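The values are calculated or read from the model by the stated rules, or taken from the named source; none is laboratory data. All figures in this text were calculated on a predicted structure; none of them were measured in a lab. Cβ placement follows ideal geometry from the backbone for every residue including glycine, while neighbour counts extend to all protein chains displayed.
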Amino acid sequence: MAIPLFGKVIDRKRVGFVGEMPVDAVKALKERGYESYALIAEELHADGVLDTTGSIVLTQSATDLQGIRKLLLRFADALIHDCRIYVRHADDPVADGKTALLHILGTLGLPASGFREDERIHLLEPPGDESVPVYAPFVHIVEVPGDGVALANTITANPPGHPPNKHLKIEVIDEDGKAETLSSERELLVQRAFWNCKLVRLFAKTDGLSPAAAYEGFAYHGENIVAGEWPYRVMVKIGPRRDVAREYYKYRNIFLENVPFHLGPRLRVDRCVLGRSCGVIVSDFVANAQTIRDVARKGRGVAAIASLFNVTLVAWRRAAKPNRDLKLNEFLADTVLAERTIPAHRQARMANFGSKLPLSHLVQAIREADIGDEVLTGTVHGDLHATNVLVRMHDAVIIDLERIEQGWPLLFDTASLEAGLFIDGFIKDKRSPKAILTSVTRLFEAQAFDHDDHHCDPTDPSAWFFECARQIRMQAIQMERSQYQYAWVLAALFIKKACQEKNFAEGKRVAFRAAPRNERVGREAIRQLAYVIGEKIVSSLTASKETLR
C-alpha cells in the first residue's frame, strides 16, 4: 500500500439517513466519530450539506419494493460529489428485495456494489469487462440490513474523497479556440479532481473517435508549498464512467508495472475521479513529443517503430505464449469483425473505388482461411493507431490504454499500427485516392508478405509509408507462427477501419479520381480505400492459396 499518514481523514464525517435511523447504527457511528442525521431530498443541495456528508443511507420497504426507485432518483446525484449511497434492502423471506433492488439499479444505470457474482445477472447491465472492479462512489447494497455495527464499519472503511472545489475557476477552450461549457456533472468532477487548485485551463485536443473528450490541461495551484504561480501541465480525459474506470484499471494493473516510466503517461491517481455517469482521468502530459504519424511522414518513423516494439512493449512481447486454443481465423471473423457493417454512405461509393466483393464474402473468406494451428498471444494495446504513439527523441511513448486486452494475438498491435499509419498518414495527401492506391497497392499483394523487401523510390510521396511498413513487418514476422498470419490480421484491421460509421465528409463529394478538396474529404476517402486494401489482401491471399494447390 501507499505510505499512509496516520489519522489523515477528510472531514466529511456526517451520515445522512433517509427514513429509518437504526439505533444500533447511529450508536456505532457515533462511537467512531461520525455524526448521524435525518436527511430529506429538499435539503440535499443546500449549502454545505454534500460538502460535509460522506454517506447517505436509504432503506427499502418490504411492503413497497419499487419505492426505492424514487429515493435513488432523488439522491443519485450525490454520487457526483463522491458521497457514497448505502441501501438496506428489504430482508424478507417472501419479498426478494435484493433482486428487485438490483433490477432497479440496472435500469437506472447506477454503479452498484455489494452483490455476489452469481447475482450480477439481475442488474440487466450490458456486457462489459467484469475484471474491472466497481470503483467508488457507488450504490452499495448492505450485506446484512439489520446489522447496524457492520454498516458503521463499512462506512468507516470507505471514507469519501474531497468534495468539489466550488471556488475553482474552470476555463475550457474547444478546438476552434472558442469557450466551451461543461455539463454540470463534468464541471463538478473537474472541481473534485483539482480540489486544491484555483484555476484550471483545459484546451481540447484533436477530435478523435472515442466518446471521451481529451484536453491538455494547466492546473494553477491554490496553496502550494513552493508558493509559485507556474501551472502544472496535465492530460485530462472526461468520458463515460465505465470507459474511464476501465482505462484507470488498465493503467494501474497492466501498464504501470510493465512499461518503463518515461515511455507512457503517469497517472495522477489523486486526481482521477468518478461520478454518477461520467469520470475524469488525469495523467502527466507527455511534453515535447510528436505523434508517430507526423514523425513517419517526415521520414523518421523507422527508428520509432523499432523502439516501440523492442523497448516500450518488450515486457508484453516477452511474456507472450504460443496458443493452440485460439483459432486466428475465428478470432478475426468473430471478434475483430463481429457485427461490423459498412455504413450506407460508404457502401454507395464501393463500385466507384474499385471494390467488387461484399463484406460478408470477405468475412467468410477470413473465417475459412487456413492460418495455422498456433498463434502467439499475450497483452496488446488494442488501439495502437498512429496518434496513440508519441515520439520524443528516440523514444516511442504509448497513450490511451482503455482497450488493452490480454490473451490476444500479438500481431493485432503490429497490424493496427500499419493500418493506422495508412488511415492517419494519408489524410492530408494532395493526390487523388486513385493515385494513392496505385502507389501503395503492391504492398498488399501476397508476395509482399512473403519475401518482398518493400522498397520504393525515395521521390515517391508514399516512400515514408513503405519504410514504415518494412519495419513493422520485420517485427511482425518474428511474431508469426505460420505463413501469412500477419497478412490476414492486417486485412481484417483494414476492413474494420472501413466500418467506422462516422461520415467525415458529410454533404461533400468524395471522388476516386479527384484530389480531395479539404481534409474532411481526404479523411473519408482514406476510409473508403481501407476497404479496397482489405479486399485486395484477402483476394490476393485466396488466389495465392489456389495457385499453390
Scan of segment 486-502 for residues that are in contact (Cβ under 8 Å) with a residue 60 or more places away in the chain and within 14 Å of SER416 (Cα to Cα), ordered by number: TYR486, TRP488, VAL489, LEU490, ALA491, ALA492, LEU493, PHE494, ILE495, LYS496, LYS497, ALA498
Residues (touching a helix residue (DSSP H, G or I) at 6+ places or on another chain (Cβ under 8 Å) and either on the phi > 0 side of the Ramachandran plot or not in a helix (DSSP H, G or I) (or both)) located in segment 516-548: PRO516
Checklist (1) crowded, with 18+ Cβ neighbours inside 10 Å; (2) more than 16 Å from ILE427 (Cβ to Cβ) applied to ARG527, failing item: (2)
Filter pass, LYS98 being among the charged types (D, E, K, R) and buried (at least 21 other Cβ atoms within 10 Å of the Cβ): yes
Of all residues in segment 254-274 being in contact with a strand residue (DSSP E or B) (Cβ under 8 Å, 6 or more places away or on another chain) and assigned to a loop (DSSP other than H, G, I, E, B), the one that is modelled with the lowest pLDDT: LEU256
From the options VAL142, VAL87, VAL172, residue that is surrounded by 17 or more Cβ atoms within 10 Å (Cβ to Cβ), modelled with pLDDT under 95 and of a type in the set (A, V, I, L, M): VAL142
